[in-house]
Amino acid sequence: MENPEVAMVFEEIADLLEILGENPFRVRAYRNAARTVRELPEPVEEIVRNPNRKLEDLPGIGKDLAEKIRIIVQTGDHPMRQELREKVPPGLRELLDVPGLGPKRAWALYEKLGVKSIEDLKKAAQEHRIQRLRGFGAKTERAILEALEHLEQVQRRVYLAEAKVFAESVVRHLREVPELHQIEVAGSYRRRKETVGDLDVLVTCDRSAPVMDRLAQYPALADVLARGDTKMSIRLKNGMQLDLRVVPDESYGAALQYFTGSQAHNIQIRRMAQEKGLKVNEYGVFRGDKRIAGKTEEEVYAAVGLPWIPPELREARGEIEWALQGRLPKLVELHDIRGDLHMHTTATDGRASIEEMILACKEMGYQYMAITDHSKRVTVAGGLDAKALRAHWAEIDRIAGRIPGITVLKGVEMDILEDGSMDLPDDVVAEADWVVASVHYGQNQPREQITRRILNAIKNPYVHCIGHPTGRLIGKRKPYEVDLDAVLKAAADYGCFLEVNAQPSRLDLDDVALLAARERGVLIAIGTDAHSIDELRFMEFGVYQARRGALEAKHIINTRPLKELLKLLRQRRSSRA
Ligand code: DGT
Ligand code: CA
Ligand code: CA
Ligand code: ZN
């Protein structure tokens, strides 16, 4: 079983318990277990199988949860989930995906209006039956309708991080077939898009039957949807579809190019080919009936007069002009990153101690890192006031002092308050090496107000960087109404940095905003916002997003050696527009 499958069992248990109004601590324990398993760098199955390893060593996993994990891995499910499912109507759980609808409200809608699904919810809202309920009102009803629209647009797509687990494991699984030659996962996955609709697996082989037989044996398979000679489609246990296509070796490059997309990029490529009297399809590049290219992608691009274009750029956003002019960017790579500039510890809502985070960052090979716990406004996360923060920084210095080989910047993620002021006085943040300022409250303010708040932070020279600048949670919460163009302009004028928050559910700024930031000359900091050791590995997803924004190492401040980074931070503090 893949880790996301195990995690999904716990997530469902947590949701169902919550709907039933169970003790929040119990609910939280299952949620944490789901998160721990989901983020493990290795299959939890292997820990179960290895007699020398103990599940109980995982953070937050006690005896009871360990036993549940063993049962899930061995049987594919847990009886507790089945028992809970009998108590809660099947459609009710999906109501939790609607922003602003907590479990209490979902249950109330079910009891009072018989709402049992997203469909029912939509109908009830359209017929204005919700606003008459106690504790709801017309405003809530409107918000629900709006949220439903947003939900429809992004539904049925999974985060890149989850797609990656299945993409890698299916490749590993199929490589066992001796008849297999080449294999690659194309489509949006190869373009490293933030969410993936389905997986497009491309193979070349001696005979397709053994490859397809092997795919039918894939452990995460739920259903075979269709099987022909050259194409097979399956559904995975997480709901994602996977299409397998078998092509001859001489067409591999052409098929890879075709199925990587994007469709918009391919349309431009085909148009260029037509102008040269050529035809491009998934079998090759043809002049008349004669195939002139197709074995490799390089060949295909060369045939239409272009250098190879990195998949992350293939979105018809100007990459073909760049390629024609020989101006393709040299995209940033994961190994260019020298430090992580956003993370939390047990001082606030992180799950690892200062020492554990430092040792883990050292393990990642970083030259430096910044610890950025929350400021006091974030009461739910135990945010720190001036006094607590100073004590925390002293503690960081003390611990970092006995761990050589990595420089630890004393930082803070300071809230930008609802009225536009900062959560900490200037004289306090002046003592920090690195200050990220973020909006966590008042996210629904009108455009002008929320924009002014962020501009205030940009104008404050003690603030180095704006964290998750649009506040979106992919598929769950829309960005703030912020005027991004004004933010980019101010960031450029004042030399303030903007973040790519690398959490798979955030990836904020997004690729389009990053392209604009690049145009404006705004420098970017990639931070994982890690709340545990394992989340430090999210850096990879931040780098993919940066690549989709055409960013090079020079556009990203945490690719710089420590000395240069510190110089940049000093420059920012002495900046005036
Ligand atoms: P997704 O799966 O929604 O995240 O996005 P993609 O880009 O993976 O799209 P998908 O799976 O429908 O198709 C994979 C690629 O195959 C797509 O990027 C371009 C190519 N492709 C698929 N269908 C067509 C088509 O009808 N016309 C053209 N030109 N290309 C297509
Ligand atoms: Ca796809
Ligand atoms: Ca597809
Ligand atoms: Zn934050």
Exercise for the section: With the condition kept exactly as written, say whether any residue in region 479-488 is over 23 Å from the mean Cα position of the chain (by Cα), surrounded by 21 or more Cβ atoms within 10 Å (Cβ to Cβ), away from ligand 4 (no atom under 16 Å from the Cβ) and part of a helix (DSSP H, G or I). Expected result: no
Exercise for the section: Identify the single condition in (1) touching a Phe, Trp or Tyr at 6+ places or on another chain (Cβ under 9 Å); (2) surrounded by 21 or more Cβ atoms within 10 Å (Cβ to Cβ) that GLY284 does not satisfy, given that it satisfies every other one. Expected result: (1)
Handout entry: Within region 397-424, tally of residues that are among the basic types (Lys, Arg) and assigned to a strand (DSSP E or B)
Key = 1
Fill in the blank from the handout: Pairing a residue in region 526-538 that is closer than 9 Å to MET357 by Cβ and part of a helix (DSSP H, G or I) with any residue that is at pLDDT 95 or above and among the β-branched types (Val, Ile, Thr), where Cβ atoms lie under 7 Å and the two sit 6 or more apart in sequence or on different chains, gives LEU536/THR528
Handout entry: Selection status of MET357, assigned by TED's automatic domain parsing to the domain that holds GLY382, touching a residue at least 24 places away in the same chain (Cβ under 8 Å), hydrophobic (A, V, I, L, M, F, W, C) and not in a strand (DSSP E or B)
Key = yes
Exercise for the section: Look at SER188 and say whether it is of a type in the set (Ser, Thr, Tyr) and more than 12 Å from ligand 2 (Cβ to nearest atom). Expected result: no
Fill in the blank from the handout: For region 444-471, pairs from a residue that is in contact (Cβ under 8 Å) with a residue 40 or more places away in the chain and away from ligand 4 (no atom under 14 Å from the Cβ) to a residue that is among the aromatic types (Phe, Trp, Tyr) and outside any strand (DSSP E or B), with Cβ under 7 Å and 6 or more apart or across chains, are LYS459/TYR494
Exercise for the section: Answer yes or no: is there a residue in region 503-520 that is touching a residue at least 24 places away in the same chain (Cβ under 8 Å), surrounded by 22 or more Cβ atoms within 10 Å (Cβ to Cβ), among the polar types (S, T, N, Q) and farther than 20 Å from LYS410 by Cβ. Expected result: yes
Completion exercise
Residue hits (region 264-276; more than 10 Å from ligand 1 (Cβ to nearest atom) and under 29 Å from the mean Cα position of the chain (by Cα)) are GLN268
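Residue-wise test of (1) over 28 Å from GLN545 (Cβ atoms); (2) at pLDDT 95 or above; (3) under 29 Å from the mean Cα position of the chain (by Cα).
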position: TYR218; (1), (2), (3): yes, yes, yes
position: LEU244; (1), (2), (3): no, yes, yes
position: TYR258; (1), (2), (3): no, yes, yes
position: SER262; (1), (2), (3): no, yes, yes
position: LEU278; (1), (2), (3): yes, yes, no
position: ASP289; (1), (2), (3): yes, no, no
position: VAL300; (1), (2), (3): no, yes, no
position: PRO310; (1), (2), (3): no, yes, yes
Practice task
Would you check if ARG338 is modelled with pLDDT of 95 or more and of a type in the set (D, E, K, R)?
Solution key: yes
Handout entry: Selection from region 236-264 of residues that are within 14 Å of ligand 2 (Cβ to nearest atom) and either basic (Lys, Arg) or in contact with a helix residue (DSSP H, G or I) (Cβ under 8 Å, 6 or more places away or on another chain) (or both)
Key = LEU236, MET240, LEU242, LEU244, ARG245, LEU256, TYR258, PHE259, THR260, GLY261, SER262
Practice task
Please determine, by comparing only the residues of region 289-305 that are in contact (Cβ under 8 Å) with a residue 24 or more places away in the chain and assigned to a strand (DSSP E or B), which one is nearest to GLN257 (Cα to Cα).
Solution key: ALA293
Handout entry: Qualifying residue in region 356-370 (condition: more than 14 Å from ligand 4 (Cβ to nearest atom), surrounded by 18 or more Cβ atoms within 10 Å (Cβ to Cβ) and closer than 15 Å to GLY467 by Cβ)
Key = no
Handout entry: Answer residue from region 537-548, given it is of a type outside the set (Ser, Thr, Tyr) and closer than 13 Å to PRO504 by Cβ and is surrounded by the most Cβ atoms within 10 Å (Cβ to Cβ) among those
Key = GLY542
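Among the residues of region 539-569, which ones are in contact with a Leu (Cβ under 8 Å, 6 or more places away or on another chain) and not in a helix (DSSP H, G or I)? Step through it out loud before you land on a result.
Our first condition is that a residue be in contact with a Leu (Cβ under 8 Å, 6 or more places away or on another chain); within region 539-569, this holds for 539-552, 555-558, 560, 568.
Answer for region 539-569, where residues must be in contact with a Leu (Cβ under 8 Å, 6 or more places away or on another chain) and not in a helix (DSSP H, G or I): GLY549, ALA550, LEU551, GLU552, ILE556, ARG560.
Name the residue, out of ARG70, ARG93, ARG129, that is in contact with a helix residue (DSSP H, G or I) (Cβ under 8 Å, 6 or more places away or on another chain), under 29 Å from TYR218 (Cβ atoms) and surrounded by fewer than 18 Cβ atoms within 10 Å (Cβ to Cβ).
None of the other options fit; the residue is ARG70.
Looking only at strands (runs of 3 or more DSSP E) that lie completely in region 217-279, which have at least 1 residues being polar (S, T, N, Q) and either over 22 Å from VAL158 (Cβ atoms) or touching a strand residue (DSSP E or B) at 6+ places or on another chain (Cβ under 7 Å) (or both)?
Values: elements: 221-227, 231-236, 241-246.
The strands (runs of 3 or more DSSP E) meeting that bar are 231-236, 241-246.
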Exercise for the section: With the checklist (1) exposed (fewer than 14 other Cβ atoms within 10 Å of the Cβ); (2) in contact with a Phe, Trp or Tyr (Cβ under 9 Å, 6 or more places away or on another chain) in hand, flag the one item GLN445 doesn't pass. Expected result: (1)
Practice task
Search region 120-142 for residues that are under 16 Å from LEU95 (Cα atoms) and assigned by TED's automatic domain parsing to the domain that holds LEU101 and pair each with any residue that is among the acidic types (Asp, Glu) and in a helix (DSSP H, G or I) when their beta-carbon atoms are under 7 Å apart and the residues are at least 6 apart or on different chains.
Solution key: ALA125/GLU141; ILE130/GLU141
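Results for (1) under 23 Å from the mean Cα position of the chain (by Cα); (2) charged (D, E, K, R); (3) surrounded by 22 or more Cβ atoms within 10 Å (Cβ to Cβ); (4) not assigned by TED's automatic domain parsing to the domain that holds VAL170, shown as yes or no for each residue.
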residue	(1), (2), (3), (4)
VAL9	yes, no, yes, yes
PHE25	no, no, no, yes
VAL37	yes, no, yes, yes
GLU45	no, yes, no, yes
ARG49	no, yes, no, yes
PRO59	yes, no, no, yes
ALA66	no, no, no, yes
Handout entry: Considering residues of region 132-149 that are buried (at least 16 other Cβ atoms within 10 Å of the Cβ), out of contact with any His (no Cβ under 7 Å at 6 or more places or on another chain) and not aliphatic (A, V, I, L, M) only, the residue farthest from ASP243 (Cα to Cα)
Key = PHE136
Problem - Search result, residues across region 164-214 that are buried (at least 22 other Cβ atoms within 10 Å of the Cβ), within 30 Å of ASP510 (Cα to Cα) and away from ligand 3 (no atom under 16 Å from the Cβ) - result: GLU194
Problem - Single residue of region 30-59 satisfying the filter (touching a Lys or Arg at 6+ places or on another chain (Cβ under 7 Å) and at pLDDT below 90) that is nearest to ILE19 (Cα to Cα) - result: PRO59
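The values are calculated or read from the model by the stated rules, or taken from the named source; none is laboratory data. Because the structure is predicted, anything quoted here is derived from the model rather than measured. Using ideal geometry, Cβ is built from the backbone for each residue, glycine included, and neighbour counts are taken over all protein chains shown.
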